[in-house]
1. Nearest 20 debye, what's the magnitude of the dipole of the stretch 156-230 about its Cα centre given +1 on Lys and Arg Cβ and -1 on Asp and Glu Cβ?
2. With +1 on each Lys and Arg Cβ and -1 on each Asp and Glu Cβ, how big is the dipole of the stretch 1-122 about its Cα centre, in debye rounded to the nearest 20?
3. Which of the listed residues, LEU44, ILE21, GLY109, is farthest toward the dipole's positive end in the stretch 1-145, when Lys, Arg count +1 and Asp, Glu count -1 at the beta-carbon?
4. Quick one: net charge of VAL247's neighbours, Cβ under 15 Å, K/R +1, D/E -1?
5. Evaluate the distance, in nm, between pseudo-label points positioned 7 Å from the Cα of ALA83 and of GLN184 along their respective Cα→Cβ axes.
6. For the stretch 1-60 and the stretch 178-243, write down the distance between their C-alpha centroids in whole Å.
7. Extending each Cα 7 Å along its Cβ direction at ARG66 and ASN231, get the distance between those two points in nm, one decimal.
8. Specify the angular offset, from 0 to 90 degrees and rounded to the nearest 10, of the alpha carbon long axis of helix 53-64 from the longest principal axis of the alpha carbons in the chain.
Amino acid sequence: PRLLDGAGADVVILMLPTSAIVEQVLGDPADPRSFAGSLRPGALVVDMGSSVPHATQELAGRLRERGVALVDAPVSGGPRKAAAAELTIMAGGTAEDYERALPLLRAMGTSVTHVGAVGSAHALKALNNLLSAIGLVGALEVLTIGAKFGLDPRVMLDVVNSSTGRNQSTEVKIGPEVLDGRFQVGFSLPLTVKDITTALDLSESLGLAPEVSQACVRFCRAALDGLGGGNPDQSEIARYLAKATGVDLVR
């Protein structure tokens, strides 16, 4: 029996954690018993999760055979921005499909940008999250070195945030979530590892081997393993670093 029926839908919006789950929910577009197979020609699917770019392109091709369009429109901003409808949204697809999706996307975000063909937004989302993770790991390492030397982490953070070393992690995450010991950024470390691995896989598929990115992915994977798996918050990378170095930034 069909559990989901999209026969009456003009637009279907998905925000799911992986490409595998997207495939599981939609099913085979060629199978009329699946959700994707029940969509009428002319329908639009908007995948707002963090899917694998090549998988998105493949899915878009299979949907297109049935006359169904796909726009990938992942978001950045976290739970606070989502609650305020102030997300940053990047979108991939044809210009026509993007324009169809735009009114819905504008209802959820204050910054909506068409970044290219289908799959390109999922690529940019993964790359953005890789850069964000590099900034977080780098900042935590720098603060750890300074604290080992004898500097106060809060003083360091204040100076960095008035200097050229600042980034989103130093300005938003590290003070309240690490130094205050809350560890509630609101984005899990397993999802961080998933996204930055997607970005690294993309680079390797293009024949690139970025050393800083590779080091960041190795570190985040080690942190997840070192924290015992589960579903720790992204900021708990600092707990792993403290355990590994003996330098605790929580004061």
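1. 80 debye
2. Here the stretch 1-122 has a charge dipole of around 220 debye.
3. Value: GLY109.
4. Net charge around VAL247: +2.
5. Reported label-point gap for ALA83 and GLN184 is 0.9 nm.
6. A separation of 29 Å, based on Cα centres.
7. Each label point lies 7 Å from its Cα, and together they span 2.9 nm.
8. On a 0 to 90 degree scale, this one is about 10.
The values are calculated or read from the model by the stated rules, or taken from the named source; none is laboratory data. Owing to the predicted nature of the structure, the values given are computational and were not obtained by experimental measurement. Heads up, the Cβs are rebuilt from the backbone with ideal geometry, glycines too, and the neighbour counts pull from every protein chain shown. Each accessible area value is taken on the protein alone, full model and side chains, heavy atoms only, with ligands, DNA and RNA left out. Shrake-Rupley method; radii C 1.70, N 1.55, O 1.52, S 1.80 Å.
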